[in-house]
Amino acid sequence: MRPAVGAARRSWRATALRVVWWVRTCLGEPARVGTELALRASLVSRPASQIPVYFMNHRRADELWRMVAEALAMIKALDPRRFQRLRRDVPRILVLPGRRSFLSPATNSCFLHERLVRDGGNVSVASILVHEAVHARLRKMGLWYLPDLRVRMEELCVKEEIAFAKLLPDALCPKEGFLSYLEGRLRAYPPTVA
């Protein structure tokens with residue numbers, strides 16, 4: 001016998017609320033149960049350019065922190081105004097194992113994929129931080145990530161990545177290849193009617 005649709009919806013919502021509660025607990029809000037203290041202890045925190053960065057992987061925390069700190073320093077050096085907005089709009093960065101990087105709407109935290117940070121390089125990490133900072137800025141302006149706005153929001157984020165990539169010196173990264181990659185991502189979105 002299949003569960004009712006409402007029951008499935010309730011279980012999904014309960015799971016989402018548990019995840020939000022777990023993330024908030026790990027990031028410093030008071031733990032309600034003793035098991036959450038163990039979860040909190042499993043995260044390593046280090047400040048990088050006035051933004052706390054949290055890691056789940058203790059063995060590689062030094063390497064991951066260095067990569068994120070260098071990416072933040074790159075943003076700060078090349079575009080100080082963008083860095084100030086990033087610092088204001090994204091209160092924390094988490095480097096966790098997972099499948100993708102994203103901005104958590106519940107905590108406004110930027111989640112970075114650990115393998116991407118480790119293998120992607122400073123320019124790639126900085127580009128993702130710029131992308132997610134635009135999402136945070138739009139969210140602070142009251143624009144939610146809804147299906148009908150998704151394409152336009154992603155276009156705006158990629159355009160901001162392109163604007164940042166144009167500031168990169170050639171010594172850091174071959175600008176032409178990186179720009180063509182970003183412009184290819186921009187062309188992947190269907191045209192929107194303004």
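The values are calculated or read from the model by the stated rules, or taken from the named source; none is laboratory data. Predicted, not measured: the structure shown is a model, and the values here were computed from it. When we count neighbours, we look across all protein chains shown, and the Cβ atoms used for this are built from the backbone with ideal geometry, even at glycine.
A few remarks follow.
- Single residue of segment 90-116 satisfying the filter (charged (D, E, K, R) and buried (at least 17 other Cβ atoms within 10 Å of the Cβ)) that is farthest from I51 (Cα to Cα): E114
- Strands (runs of 3 or more DSSP E) wholly inside segment 1-103 that include at least 1 residues being at pLDDT below 85, of a type in the set (D, E, K, R) and on the phi < 0 side of the Ramachandran plot: 44-48
- Any hit, segment 119-139, residues being among the basic types (K, R), exposed (fewer than 14 other Cβ atoms within 10 Å of the Cβ), over 17 Å from L64 (Cβ atoms) and out of contact with any Lys or Arg (no Cβ under 9 Å at 6 or more places or on another chain): no
- Pair list, Cβ < 6 Å and 6+ apart or interchain, from segment 155-170 residues that are under 16 Å from A71 (Cα atoms) to residues that are surrounded by 18 or more Cβ atoms within 10 Å (Cβ to Cβ) and among the small types (G, A, S): E161/S127
- Enumeration of residues in segment 77-95 that are of a type outside the set (A, V, I, L, M) and within 17 Å of the chain's Cα centre (by Cα): R82, F83, Q84, R85, R87, R88, D89, P91, R92
- Filter result for L96 (touching a strand residue (DSSP E or B) at 6+ places or on another chain (Cβ under 9 Å) and free of Cβ contacts under 8 Å to residues at least 60 places away in the same chain): yes
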